[in-house]
1. Quick check: anything in the range 44-65 in a helix (DSSP H, G or I), out of contact with any helix residue (DSSP H, G or I) (no Cβ under 7 Å at 6 or more places or on another chain) and either closer than 15 Å to residue 129 by Cα or at pLDDT below 95 (or both)?
2. Pull up the range 36-65, narrow it to residues that are closer than 13 Å to residue 100 by Cα and without any contact (Cβ under 8 Å) to a residue 60 or more places away in the chain, then point me to the one that is surrounded by the fewest Cβ atoms within 10 Å (Cβ to Cβ).
């Protein structure tokens with residue numbers, strides 16, 4: 001696992017000729033609201049980490065924090081980050097690159113981000129389905145090919161397809 005600065009992340013995206021999901025009207029999207037019980041967040045985070053990465057690297061880019069300060073557990077986040085021998089603050093390196101064998105790590109970091117009321121992106125190297133998770137407790141899944149979203153709908157259940 002690696003922690004990236006904004007510049008590192010932009011270089012990673014450019015090297016893969018990628019942009020953030022949702023920037024093109026031709027992209028299909030599927031929205032899933034967070035379940036009312038936050039103990040179910042881990043199922044969603046783990047499903048994303050295991051099902052959408054295709055056993056390839058994935059970038060977790062946290063873009064929103066500090067919006068709901070009373071729900072943020074900074075201690076938990078920093079302790080988790082320190083287990084990787086990284087002591088940077090989130091605003092210094094808010095991008096997390098998980099290698100192909102680190103799906104469980106991605107699930108844990110995404111789970112903590114969801115619990116903290118943060119938002120951001122999960123950008124799998126495979127680029128079949130990309131994810132935006134919001135501090136407003138919903139997740140948008142984006143794909144160039146609508147059939148890629150069928151896997152999401154089947155795997156996560158009730159969601160509404162929108163273009």
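1. First pass over the range 44-65, keeping only residues in a helix (DSSP H, G or I): 44-51.
Next cut, out of contact with any helix residue (DSSP H, G or I) (no Cβ under 7 Å at 6 or more places or on another chain) only: none.
No, there is no match, as no residue in the range 44-65 is in a helix (DSSP H, G or I), out of contact with any helix residue (DSSP H, G or I) (no Cβ under 7 Å at 6 or more places or on another chain) and either closer than 15 Å to residue 129 by Cα or at pLDDT below 95 (or both).
2. 55
The values are calculated or read from the model by the stated rules, or taken from the named source; none is laboratory data. Fair warning: this is a prediction, and the values are worked out from it, not measured in the lab. All Cβ positions, glycine included, derive from the backbone under ideal geometry; neighbour counts span all protein chains shown.
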